[in-house]
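This report concerns only the one structure given below.
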Amino acid sequence: MKKYGIQIKKIPDGYSDKILAIEKESFSDAWTVGMLDEELKSPTARAFAVFAEDGLTAYIFCRAVCGDAEILRIAASKKSRRQGYASALLAYTLEQLKNEGIKKVFLEVDFRNLPAKKLYEKYGFQKISVRRAYYEGKYDAEIYSAAL
């Protein structure tokens, strides 16, 4: 998909280092290059990225099994945040999953991450549960789901 000067597509080989840099900016529990490479090779993985003028600027990792999917990671580089890339990426991913026959999508989010929760709610996600003290042993994870 090419729209608004960006391209969204499946993550090709050779981008683990760029993803790792965004991981480290975005998550206290950043995945390693080995974890990224392993995930990209998984038959249940779905991984897409936004490519803008300066290359890969946002990505999403999902797993799809038996009609359900789980969003494992979504992040944008610090300099490309608040530009709609994550929103475009999430919309694209949900469309791809729906076209595959996925009926329901799940994710978890740190309860403090208000921008992410607002984004998910924009796309029909609703909070269904809470995992107490999930992040760093003290911050709750909220579980969201959306029907496609």
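The values are calculated or read from the model by the stated rules, or taken from the named source; none is laboratory data. In this text the structure is predicted, and so the values were computed from the model without any measurement. With ideal geometry, Cβ positions are generated from the backbone for all residues, glycine too; neighbour counts draw on all protein chains shown.
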Checking SER87 against (1) surrounded by 13 or more Cβ atoms within 10 Å (Cβ to Cβ); (2) without any contact (Cβ under 8 Å) to a residue 24 or more places away in the chain; (3) within 30 Å of ASP17 (Cβ to Cβ); (4) of a type outside the set (A, V, I, L, M, F, W, C), the condition it does not meet: (2)
Candidates ALA88, ALA75 - the one that is among the small types (Gly, Ala, Ser), within 18 Å of LEU148 (Cα to Cα) and either touching a Lys or Arg at 6+ places or on another chain (Cβ under 8 Å) or part of a strand (DSSP E or B) (or both): ALA88
Residue, surrounded by the most Cβ atoms within 10 Å (Cβ to Cβ), within region 39-49, restricted to residues that are within 14 Å of ARG73 (Cα to Cα) and at pLDDT below 95: GLU39
Residue in region 64-72 that is in a strand (DSSP E or B), surrounded by fewer than 21 Cβ atoms within 10 Å (Cβ to Cβ) and of a type in the set (D, E, K, R) present: yes
Residue match in region 34-52 (condition: touching a Phe, Trp or Tyr at 6+ places or on another chain (Cβ under 7 Å), part of a helix (DSSP H, G or I) and either small (Gly, Ala, Ser) or closer than 24 Å to LEU148 by Cβ (or both)): yes
Total residues in region 97-112, condition under 14 Å from the mean Cα position of the chain (by Cα) and either of a type in the set (Val, Ile, Thr) or under 27 Å from GLU136 (Cβ atoms) (or both): 6
Count of residues meeting criterion [closer than 18 Å to ASP29 by Cα and surrounded by 13 or more Cβ atoms within 10 Å (Cβ to Cβ)] in region 120-142: 7
Criterion: over 26 Å from GLU121 (Cβ atoms), at pLDDT below 95 and not basic (Lys, Arg) - qualifying residue of GLY84, GLY14, GLY67: GLY14
Qualifying residues in region 93-148 (those that are assigned to a strand (DSSP E or B) and of a type in the set (Asp, Glu)) - the one nearest to THR44 (Cα to Cα): GLU108
Filter result for ALA76 (at pLDDT below 95 and either surrounded by 13 or more Cβ atoms within 10 Å (Cβ to Cβ) or out of contact with any Cys (no Cβ under 9 Å at 6 or more places or on another chain) (or both)): yes
